[in-house]
Amino acid sequence: MVAMEGENVSFPSTIVLLGFSDYPWLEMPLFRVVLVFYIFTLVGNSSILSMVEPRIQTPMYFFLDNLSVLDLCVICTIVPRLLDNLWGPEKTIAFWGCITQAYLFHWTGCTECALLAVTAFACYAAIYQPLQYTLIMWPGVCVQLAAAAWSSGLANSILQATLTLQLHHCGHYTLDHFFCEVPVLIKLACGDTTVNDLSLDVGAILFALMAPLLVLISYTFMAKAVWKLSSANGRYNALSTCSSHLVVVIMYFGPAMYMYLQSPTNRTQAKFMSFYSVITPLLNPLIYTLRNKGVKRAWERILQPQSEVKF
């Protein structure tokens with residue numbers, strides 16, 4: 001498609017993803033690394049979902065299952081196209097594939113922000129009211145909180161994708177990125193993007209600012225509750241209950257807030273920082289496995305060979 005200068009045209013049938021073509025010597029090493037990440041992420045998160053033993057089906061593990069589903073969605077949305085981009089000379093993606101990728105990534109990203117805030121509240125309830133924890137976070141409440149997180153992310157993603165589809169362009173269909181996301185697609189527009197930018201800012205306030213603020217408030221009250229405990233062993237056990245969640249929160253919100261609130265002008269720097277979306281799904285199951293006794297015991301029971309064979 002050839003567009004006259006200044007003419008507004010809609011999206012084409014294909015869009016070019018430059019990926020890491022500026023660094024051709026880096027593509028094959030990245031391909032190997034990303035492939036290993038992909039395999040281990042699939043195995044790790046799928047293994048967490050397979051742990052269905054009743055003793056670990058508490059509210060915290062319910063939310064952990066939701067996080068694993070989100071991680072699988074993120075990695076399956078981004079990585080297959082990235083691997084194809086790194087492997088061969090073809091750097092294009094179908095228009096509807098690009099829009100679908102941007103839509104799914106935005107949905108899962110916003111949902112994870114909300115879900116981490118919900119999980120922080122569950123941590124606080126576990127420490128502040130340990131005896132009534134299962135009454136406060138009964139299954140119906142957990143399902144409602146998870147549904148609210150998923151639906152809020154979905155609503156924001158539909159809004160952003162709809163506004164993005166209404167933009168017009170002037171024959172520039174190259175994304176200097178390795179996957180499609182809404183802020184990068186908006187930059188392709190040659191018209192007025194005030195509504196899109198305002199919508200993104202509102203979404204950033206709700207998910208990238210309010211969610212970590214709620215996490216901070218939850219951990220502030222949690223710290224006060226832990227400080228009131230008379231036993232040092234009790235304080236240690238209380239802190240270890242949610243230490244895994246705190247590590248995941250810092251690891252997720254740190255790069256995300258840098259990316260979407262600061263908006264670095266260096267495109268290469270922004271592109272490499274976006275790799276947090278590939279690395280985080282790999283590290284989450286490792287963190288929960290290594291720092292959570294319930295998950296570790298479940299892993300040991302799964303991996304432990306049968307000591308006795310009965311004939």
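The values are calculated or read from the model by the stated rules, or taken from the named source; none is laboratory data. Predicted, not measured: the structure shown is a model, and the values here were computed from it. For accessibility, only protein heavy atoms count, side chains too; no ligands or nucleic acids. Shrake-Rupley method; radii C 1.70, N 1.55, O 1.52, S 1.80 Å.
At q = 0.13, 0.14 Å⁻¹ the log10 of I(q)/I(0) for region 20-145 amounts to -0.68, -0.75, computed by Debye summation with a single uniform scatterer per C-alpha, solvent ignored.
Take region 99-185 with all the other protein chains still there, run a 1.4 Å probe, and you get 39 Å² of accessible area per residue. Shown here are the Rg and Dmax of the Cα trace of region 154-203, at 10.7, 30 Å.
Would you mind computing Rg(Cα) / (2.2 N^0.38 Å) for region 113-227, counting N as its residues?
1.44
Surface composition of region 174-215: carbon plus sulfur atoms hold 70% of the accessible area, using a 1.4 angstrom probe and ignoring ligands, DNA and RNA.
Computed log10 I(q)/I(0) for region 15-94 at 0.16, 0.19, 0.23 Å⁻¹: -0.67, -0.81, -1.01, from the Debye equation with unit scatterers placed on every C-alpha and solvent omitted.
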